[in-house]
Amino acid sequence: MKVTWEGAERGESGWEELSPFVGRCRLPVWDCTAGLVVGEDAALMVDAGSSLREGAWLRARARRLLGGGRVTHLALTHPHFDHVFGAAAFAGVEVFAAVGAERVLGHEREELRADAVRNGADPDEAAEAADLLVRPRHLVSGEWTLDLGGGRQVLLANVGPGHTRHDLAVLVAGTGTPEIVFCGDLVEESGEPQAGPDAVPSHWPAALDRLLALGGEDAVYVPGHGAVVDAAFVRAQRDALARRFDVP
């Protein structure tokens, strides 16, 4: 597949080019990241937005960027409404998540709906998205390599628990460019990392250690919310979380 990020540098396309084959956009309201990784034969979307409407926008926008090609794979970084409620818009794609996320998406739909409404989502949209939630078919317990074709490989790594009990990172190997790591909400740039009732604070710093080992010092780290950061930012956030939760 070919991708055209035309207008990305000026923000006209809604996407930020991270490499010739990787981009991301920052969705409105909650400033959530969605990513797109393009190979010769397949395309991976990272996270699906906070509503069916956002998911449909992402899928349509990706199709336009791909010149009519379609998203074939979807990776969900963690089971929170603002990252998964758009997943049903990606009918027919192969869906991946950390092992255990399928239980949340299958049996805790009411909790996700209520959390969305508490955070300002439209009640009707939240109810519809919760009813249509997609359970991932492919569950990652350690690492899983996706071959998107043309030498483009993506590593899905279960690096949690931390922000949730089911945190998945997405590493895009560089080819003449730095590696790119989609971090989900293990890393946040636009605000302090959020630790809800499903967080595992005692393990969060260790999850960030695994994330840093995965990407290394020269990688580009893409938070679940906010601007792209470097390894030094991730390490500083790791140390701040360790102090905040009084863990090594």
- Query: Picking from Gly142, Gly35, Gly100, which is most flexible by a Gaussian network model of the chain using Cα springs under 10 Å?
  - Reply: Gly142
- Here P(r) for the chain, Cα-Cα distances in 5 Å bins, as whole percents, is 1, 7, 15, 20, 21, 18, 12, 5, 1, 0, 0
- Hydropathy first: keep DSSP H helices in the chain averaging at least 0.0 on Kyte-Doolittle, then drop any whose Cα extent along the axis falls short of 15 Å, and list what survives. 204-215
- Item | Carbon/sulfur fraction of accessible area - the stretch 85-207, other protein chains in place, 1.4 Å, % | 46
- Task: With a 10 Å radius around each residue's Cβ, average the other Cβ atoms per peptide and rank 88-96, 155-163, highest first.
- Result: 155-163, 88-96
- Item | Full-stretch length increase - His138, Ala213 - with 0.36 nm per residue and alpha-carbon distance subtracted | 24.6 nm
- Task: Over the chain, average the accessible area per residue using a 1.4 Å probe and give it in Å², no decimals.
- Result: 42
- Query: Quick one: if you stick a label point 7 Å off each Cα along the C-beta vector at Arg63 and Asn119, how many nm between them?
  - Reply: 2.7
- All other residues with a Cβ under 13 Å from the Cβ of Glu111 taken together, and with Lys, Arg as +1 and Asp, Glu as -1, what is their net charge? 0
- Span per principal axis, largest first, for the Cα atoms of the stretch 127-235 (Å): 43, 32, 24
- Note on the structure: Once both label points are put 7 Å beyond Cα along the C-beta direction, the Val228-Asp147 separation in nm becomes 2.8
- Message: Using alpha carbons only, how many angstrom separate the centre of the stretch 175-190 from the centre of the stretch 110-162?
- Response: 17
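The values are calculated or read from the model by the stated rules, or taken from the named source; none is laboratory data. Keep in mind the model is a prediction, meaning the values are calculated, not measured. For neighbour counting, all protein chains shown are included, and Cβ atoms are generated from backbone atoms with ideal geometry for every residue, glycine included. When the accessible area is computed, the model is the full protein with side chains, heavy atoms only, and any ligands, DNA or RNA have been set aside. Shrake-Rupley method; radii C 1.70, N 1.55, O 1.52, S 1.80 Å.
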